[in-house]
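Bear in mind that the values in this text are calculations on the coordinates, not laboratory data. Since the model is a prediction, treat every value here as computed from it, not as a measurement. Cβ sites come from the backbone with ideal geometry, for glycine too, and all protein chains shown count toward neighbours.
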Amino acid sequence: MEIGNMEFKIYINGGITMERVNMPITGICSFAKYPICENLENLDADIAVLGVPYDTGVGFLTGCRFGPRRIREVSTHYSRGDAGFYDPERDEVFLGAPVKIVDVGDADVVHGDIPKSFDAIEYAVSKIREKGAIPAIMGGDHSISIPIARGLKNEGKVTVIQLDAHLDWSDAPGGQTLGNGSPMRRMSEMDHIDEMVQIGLRGLGSSRKEDYDAAKAYNSQLISAKEAIRLGVEGVLDRIPVADKYYVTIDIDCFDISLATGTGSPSPGGFSYDFLNDILIGIAEKGNVICFDLVEVAPQYDPTGATTRVAAMTMLNFMGHILKKQEKNQ
């Protein structure tokens, strides 16, 4: 089954035809109303949007399993189809034809079954990459970045860029090695994961000193939110090593709490929308982004809906600049 924004004719009694407009409020809630691909074996796209409605890794405020569905719903407001998005500040059109973006639905997670869920996530990511598309993933809690990274094991060396209020380098709190506080440590143990850059760190008690020491021993580049703002966008980008391939993981709590209350661990002192997106634009222009995720959106904690809108627009903006870089390199 496929749906999209393109107009098509329908036939009513005696051959009368109408042009279907397909407004944002109508139809099925795929991400930004992009076509749906239900079988990854048939995938033919530049970017494949994948939902991961999983929050078994959360130790306190759950609910980000509902993130993908709500982000999809909100994103329909911004559907533009083949026309793409015109940016008047850059005088450029992003995500317009012939760009191909599809929504491949959700990874087949099973709540309470961590191994099965992680296998399903890893499979989906690896299959999307096998088909030559870039996975754009909506979480879900941050533990999903562990199987996402596993799904990139055939890519050779991959540099990871994390945008997050938290270090996520816990080892095994309470014996749990696969929680949402541990993805960066787990990735550091994978042979194909190369350098790491962690941007936006802040807040009392966000990690233990020994976790910071372990991250430094790995030689991860640690940039606090205050340092990032002091450095400015270009200064932050200068700290990111040149690499053949980047995997970018975005925790919604990298944004300031005023923009993103809908998450399990919101934190004041975070980034503005423009600052964070300028960093993402710089990353897209710097190198080859082969995968990204946006995690920890828990919509029930934000009755205004602002968090899901920030998430949807951040994804669309990043997707546009990733593909624009590819277009310019052709």
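Results, tabulated for the structure shown:
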read-out	value
Charge dipole (debye, nearest 20) of the chain; +1 at Cβ of Lys and Arg, -1 at Cβ of Asp and Glu	140 debye
Residue order, fewest to most beta carbons within 10 Å, for 296, 327, 122	327, 122, 296
Rounded to 10°, Cα long-axis angle of helix 225-238 versus longest principal axis of the chain	70 degrees
Those chymotrypsin sites (Phe, Trp or Tyr not before Pro) in region 174-257 that DSSP places in a loop and that have at most 13 other beta carbons within 10 Å	none
Exposure proxy ranking, count of Cβ atoms within 10 Å, fewest first, for 110, 160, 297	110, 160, 297
Filtered GluC sites (Glu not before Pro), region 183-224: DSSP coil and at most 16 other beta carbons within 10 Å	189
DSSP-defined antiparallel bridges as percent of all bridges, the chain, nearest 5	15 percent
Cα long-axis angle, helix 273-286 against the chain (0 to 90 degrees, to the nearest 10)	90 degrees
Zone of residue 194's modelled label, taken as backbone nitrogen in region 147-165 under 13 Å from a point 7 Å along Cα→Cβ	155-161
Helix 306-329 vs. the chain, principal-axis angle (Cα, 0 to 90°, nearest 10)	80 degrees
For the chain: relative contact order, % (alpha-carbon pairs under 8 angstrom, 6 or more apart)	19 percent
Pairwise FRET efficiency - residue 218 versus residue 60, Cβ, R0 = 22 Å, nearest 0.05	0.25
Computed label-point distance, nm, for sites residue 113 and residue 91 using a 7 Å Cα→Cβ extension	5.6 nm
Within straight-line cross-link reach of residue 33, aspartates and glutamates at Cα separation under 12 Å, skipping those fewer than 8 residues along the same chain	2, 73, 82, 103
